Structures are given as structure tokens and as C-alpha cells.
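Since every read-out is calculated from the coordinates, none of them should be taken as a lab result. Bear in mind the structure is a predicted one, so any value in this text is a computation, not a measurement. Here Cβ is always computed from backbone atoms with ideal geometry, including for glycine, and neighbour counts include all displayed protein chains.
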């Protein structure tokens with residue numbers, strides 16, 4: 001169970017990042033229209049700095065996946081006297097209602113634990129020593145999702161993500177746990193990918209956050225602490241800066257569009273006014289040629 005769960009996490013993490021690597025370098029208009037901001041990707045901005053950050057990211061992801069994940073699982077097993085809490089029986093595979101209820105419960109548990117731990121990690125006393133590493137990515141890309149200090153990764157990601165399953169115990173089937181693990185991994189990659197895909201399944205979740213929502217957290221390093229849901233941020237007014245930014249951006253776009261329309265109208269009017277004089281000039285030239 002320990003080895004399989006670790007390999008499950010590592011496989012989907014590697015597979016997802018390879019897919020995103022292909023999307024980034026394909027630069028196809030279908031995907032690029034969803035790009036959140038106009039800032040260049042890190043490898044296009046400064047290749048030398050990017051190579052250094054990439055090596056650090058790969059080393060960190062390797063350590064977190066092959067050391068932190070197994071150790072956290074061992075700690076969970078130790079707390080239960082090394083008895084696996086999940087149900088493995090085929091006859092007890094959950095129906096869709098039980099599956100949906102378990103996943104929803106895990107999402108709610110993860111979201112509340114992640115929100116408050118994330119806010120704690122931004123406390124200025126400890127931020128420079130732990131969570132600041134994750135914020136070396138100002139422009140978010142998929143690999144940034146797992147690029148965290150080991151303490152940050154364990155207490156800010158693994159424990160919140162495991163909380164629902166620990167509480168449910170044998171009421172949660174192991175298959176549900178694996179699918180929840182996959183869902184949590186894909187959600188954090190979606191939140192860091194740098195694209196606001198309108199067709200992302202996570203946009204269908206009520207009160208959901210988004211990639212743009214979390215990208216603002218990285219680019220401005222303020223607010224938007226939640227993972228799945230936005231209501232904790234809303235309750236504690238931690239997303240007001242984001243919504244103000246969105247409103248100002250919307251107003252600026254509307255202003256630019258109006259100015260563009262006014263400019264086009266002036267150009268068209270100028271062309272219409274100049275048309276008679278142009279025709280008169282052409283007629284005069286033809287008359288002179290005939291003479």
C-alpha cells in the first residue's frame with residue numbers, strides 16, 4: 001500500500017507535468033488564448049535563471065515525492081498502529097453517491113486545513129524561511145505546484161490532503177482514496193498551470209477558485225489562500241484585493257475598447273470626408289491627360 005500510493009502520486013505528477021510541458025512549448029493559439037497574464041514564461045524571460053530554478057524544482061519535487069510522501073504515509077500508519085484504515089474489499093466498492101459524498105468531505109476538510117495553514121505560512125515571522133521558496137515562481141507553471149520547502153509540503157499539502165481520509169477511515173474505500181489523491185494533484189496543477197481553461201472541470205464546482213485566482217496570489221503575494229473553495233477567503237476578506245484588481249482591469253479594458261471605437265470612427269469619417277476630394281483629383285488628372 002505504501003509503495004503503490006507513492007508510485008501512484010509520482011506517476012500522475014510526472015505525467016501531468018509532461019503534458020503541460022508539451023502545451024507550453026507547442027504555443028498553439030487554442031491554448032495560448034487562455035494564458036492568464038502577458039508576462040513571458042520563465043524560460044523565455046531569462047534562460048539562465050530558468051535553468052537554475054528548473055534544477056532546484058526537479059530536486060525539490062524528487063525529494064518531496066520520494067521522501068516526504070512515504071514518511072507522511074508511514075506517520076499516518078504509525079498513528080493507527082500500522083493498520084491500514086481504508087476498505088480494500090471488492091464487494092464494498094462505493095456507489096456513486098457514497099463516492100461523491102466521500103470526495104466532497106475530503107475537499108471540505110482539505111480546503112479548511114489548507115486555507116489556515118497557508119495563511120500561517122505567510123506569517124512574516126516564518127514566511128522567509130519556509131513558504132517563500134514556493135513564491136520564487138511569480139509566473140505560475142505546473143511544476144510550481146510541487147515546488148515547496150519540505151515542511152511546507154508536509155504541513156501545507158500532504159496533511160490537509162490526507163485529513164478527510166484519516167477521519168473517514170474504513171468508511172472510505174481505497175479506490176476512493178486513490179481517486180481523491182489524483183483529484184487533489186490535478187487540482188493544484190490546474191491552479192498553477194498559468195492558463196485559465198474555461199473547460200476545466202474544477203470550474204463547475206460551486207464557489208470554486210480558479211487558476212487566475214491563485215495566479216494573483218503568486219503575482220501579488222497577497223490574499224487568495226484557499227485551494228478548492230473561495231468562501232473562507234470571502235469570509236475573512238482575503239480576496240478583496242483580487243476582486244478590486246479584477247474590477248479595475250475590467251474598467252481599463254472597457255475604456256480602451258471605447259477609445260478604440262472612437263478612433264476608428266474618426267478614421268472612417270476622415271476617409272469619407274477625403275473621398276470627394278480624391279475623386280475630384282482623379283477626374284482632374286484624367287482631364288489633363290485628355291488635353
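Before rounding to the nearest 500, sum -39500 (n - 2.57) across all DSSP H runs of length at least 4 in the chain and divide by the residue total; then give [θ] at 222 nm in deg cm²/dmol. It would help to have the intermediate numbers written out before the result.
Working: 12 runs with 186 residues, N = 291.
That calculation yields -21000 deg cm²/dmol at 222 nm.
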- Message: Pick from 220, 134, 149 the residue whose mean-square fluctuation is largest in a GNM of the chain, springs joining Cα atoms under 10 Å.
- Response: 220
- Message: Run the simple label-point estimate for residue 202 and residue 244 please: 7 Å along Cα→C-beta, distance reported in nm.
- Response: 2.6 nm
- What is the Cα coordinate range of region 41-179 on the first, second and third principal axes, sorted by size from largest, in whole angstrom? 55, 32, 25
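Given contacts defined as C-alpha pairs under 8 Å and at least six residues apart, what's the relative contact order of region 2-238, whole-number percent?
Relative contact order for region 2-238 comes out at 28 percent.
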- Kindly express, to the nearest 10 degrees and within the range 0 to 90, the angle between helix 69-79's C-alpha long axis and the longest C-alpha principal axis of the chain. 40 degrees
